[in-house]
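K.L.:
One structure, as structure tokens, below. Some questions next.
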Amino acid sequence: MSFAEIIGQKRIINLLRRALAQEHLPHSFIFTGMEGIGKQLTALTLAKVVNCENGAAGDCCDRCVSCRKAASGNHPDINIIERDGPFIKIEQIRALKQRLRFKPLEGRYRVTIINNAQNMKIEAANALLKVLEEPPAENLIILTAYEITSLLPTIVSRCLNLPFQPLATEEISTHLCQAHGVEPEKAAIMAELAGGSLSRAAALLDEKQLDRRRWLLETVAGIHESHITDLWAAAKAWKGEGPDLKQDLEWLKTWLRDLLVQQLEAADSISLLNLDFAEKVVGASSRFKPDHLLEMFELACTVQGAMRYNINKRLSLEALLLLLHTRAT
């Protein structure tokens, strides 16, 4: 993968290329933005570019030994830090500080990528701050995060922040058609559901994921007719592990959003995210008040945010379904 192959983010890629051409590359970056829009991919590609043996015109060759090692995850000078459990711990940052004492083994730069840096515990963040205050030569540190406000201001002030934008629906749809052979009509629906995230679109290539979404939306579409025991059964069936449940809540949020848009715009030409459920959206939208839809959307966001902690998932889902049921008229 090279800069030229990264979908979207042309402004950021051009900025990085100019910095490389002018040899004014900052020692530390923060890549911010939603999940699945190319932050980690761009960070890995930048790590390849700065160490490429044949690099020209601000890109990597993808053929040299360095590029091949980076692509396989075996480059000794490229280190990726992920959370250990729910957090990035101070021990991980201390280990990083030890590595930074030495010069790169093979490449021009030792590159450290800290994924989802918002998950750093405060003591880990403070330890990283000391590294950023006195950055060792021949080192490049890249943090990725959802929002700049999730990081310590003192860390932000010592890095160049590059905000990544959600991908255009057309870009995602075109990619699904060309790279995965998805039919244009189906690709359009998947691209809308992806909400600007290529990783969400990729998840929808799994038929099991599509079946899960279909079951979820049909359940909430008919929730006004459900008996209380049906809700408990649905919550039990719905309970999933980590990523599945997180994606389910994203789909629920698109459903609530569509109901609200249908109410407020009340037009045939409105842009629904769940295009294949348009008829059910029209039927269900009249059963809820706008403020109740906002209330349920906020609850879904709260449950989603709390998933990083040890919450009772089934209890949370029961509360969410019960609220949907009681708010339906």
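K.L.:
Report yes if residue 117 is aliphatic (A, V, I, L, M) and within 13 Å of residue 142 (Cα to Cα), otherwise no. Walk me through it before giving the result.
P.N.:
Details: aliphatic (A, V, I, L, M): yes; within 13 Å of residue 142 (Cα to Cα): yes.
In short, yes.
Every residue, every condition in (1) aliphatic (A, V, I, L, M); (2) assigned by TED's automatic domain parsing to the domain that holds residue 46; (3) in contact (Cβ under 8 Å) with a residue 40 or more places away in the chain, yes or no:
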position: 65; (1), (2), (3): yes, yes, no
position: 73; (1), (2), (3): no, yes, no
position: 86; (1), (2), (3): no, yes, yes
position: 91; (1), (2), (3): no, yes, no
position: 94; (1), (2), (3): no, yes, no
position: 100; (1), (2), (3): yes, yes, no
position: 105; (1), (2), (3): yes, yes, no
position: 110; (1), (2), (3): no, yes, no
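K.L.:
Sticking with this structure for a sec: Keeping to region 49-74, report how many residues are under 25 Å from the mean Cα position of the chain (by Cα) and on the phi > 0 side of the Ramachandran plot.
P.N.:
1
K.L.:
Just need a number here: residues in region 1-39 that are charged (D, E, K, R) and buried (at least 21 other Cβ atoms within 10 Å of the Cβ).
P.N.:
If we filter region 1-39 for residues that are charged (D, E, K, R), which is where we start, we get 5, 10-11, 17-18, 23, 35, 39.
With buried (at least 21 other Cβ atoms within 10 Å of the Cβ) added as a condition, the list becomes 39.
Of the residues in that region, 1 qualify.
K.L.:
Which ones in region 1-35 are out of contact with any Phe, Trp or Tyr (no Cβ under 7 Å at 6 or more places or on another chain) and among the polar types (S, T, N, Q)?
P.N.:
Listed by number, the residues that qualify are 2, 14, 22, 28.
K.L.:
Then there's this: Report, by residue number, each residue of region 191-209 that is assigned to a helix (DSSP H, G or I) and either at pLDDT 90 or above or small (Gly, Ala, Ser) (or both). Give the derivation first.
P.N.:
Our first condition is that a residue be assigned to a helix (DSSP H, G or I); within region 191-209, this holds for 191-194, 198-203, 207-209.
Passing the criteria: 191, 194, 198, 199, 201, 202, 203.
K.L.:
Ok, one more. When residues of region 87-96 are filtered for being surrounded by 14 or more Cβ atoms within 10 Å (Cβ to Cβ) and either closer than 21 Å to residue 75 by Cβ or not charged (D, E, K, R) (or both), how many remain?
P.N.:
6
K.L.:
What number of residues within region 31-57 satisfy the criterion of being part of a loop (DSSP other than H, G, I, E, B) and farther than 20 Å from residue 191 by Cα? Lay out the reasoning, then the answer.
P.N.:
Start the filter on region 31-57 by keeping residues that are part of a loop (DSSP other than H, G, I, E, B), which leaves 33-38, 52-55, 57.
Okay, now just the ones that are also farther than 20 Å from residue 191 by Cα, so 52-55, 57.
So the count comes out to 5.
The values are calculated or read from the model by the stated rules, or taken from the named source; none is laboratory data. This structure is a prediction, so every number in the text was calculated from the model and none was measured. Here the Cβ is made from the backbone with ideal geometry for all residues, glycine too, and neighbour counts use every protein chain on show.
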